[in-house]
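Derivation of every value follows stated rules applied to the coordinates shown; laboratory data play no part. Bear in mind that the values here come from a model prediction, so they are computed numbers and not experimental data. Don't worry about glycine lacking a Cβ; one is built from the backbone with ideal geometry, like all the others, and counts go over all protein chains shown.
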């Protein structure tokens with residue numbers, strides 16, 4: 001198992017939860033937010049075990065609501081994971097992409113703003 005510092009864990013968690021928040025914010029509304037939160041949580045819960053350990057520690061990061069901070073955290077997470085555990089990076093890219101897609105699909109299908117948010121997230125983590 002790869003060792004991560006507390007700061008690295010916080011960055012990875014900020015990135016994961018923040019990515020879902022960005023996509024959810026692209027489709028505002030209480031019902032949408034509720035459905036999207038549940039869909040995103042299920043996707044993160046399906047993460048491989050090493051990644052689950054990183055995502056489960058602590059609560060919702062406060063910086064996860066600011067777009068610039070989220071995109072920076074996504075890019076930093078990519079760097080952290082690629083240097084410490086390339087296998088974890090591939091899992092992270094897959095889980096984040098899946099979570100964002102699930103969030104977008106959770107309420108009345110995917111709209112243009114959600115697609116744009118997903119593309120920004122994928123670009124930040126280097127996912128195709």
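Sorted ascending by nearby beta carbons within 10 Å, beginning with the fewest, 5, 97, 115, 11 become 5, 115, 97, 11. The Cα-based radius of gyration of region 80-128, divided by its Kirkwood radius, gives an Rg/Rh of 1.06. Applying 0.36 nm per residue to the separation of residue 94 and residue 113 and subtracting their alpha-carbon distance, the gain on full extension is 4.7 nm. Based on C-alpha pairs under 8 angstrom that are at least 6 apart in sequence, region 1-127 has a relative contact order of 40 percent. Going from the fewest other Cβ atoms within 10 Å to the most, the residues 6, 27 appear in the order 6, 27. Stretched out straight at 0.36 nm per residue, the stretch from residue 87 to residue 2 would grow longer than its current Cα-Cα span by 29.6 nm. Measuring from a point 7 Å past the Cα of residue 41 along Cα-to-C-beta, which residues in region 96-114 have an amide N at less than 19 Å? Zone members listed by number: 96, 98-108. A helix-only calculation puts the chain at -25000 deg cm²/dmol for mean residue ellipticity at 222 nm, using -39500 (n - 2.57) for each DSSP H run of at least four residues, averaged over all residues. Exposure proxy ranking for 57, 83, based on other Cβ atoms within 10 angstrom of each Cβ and starting from the fewest, stands as 83, 57.
Binning the C-alpha pair distances of the chain at 5 Å intervals from 0 yields a P(r) profile of 2, 13, 24, 26, 20, 10, 4, 1, 0 %, listed from the shortest bin outward.
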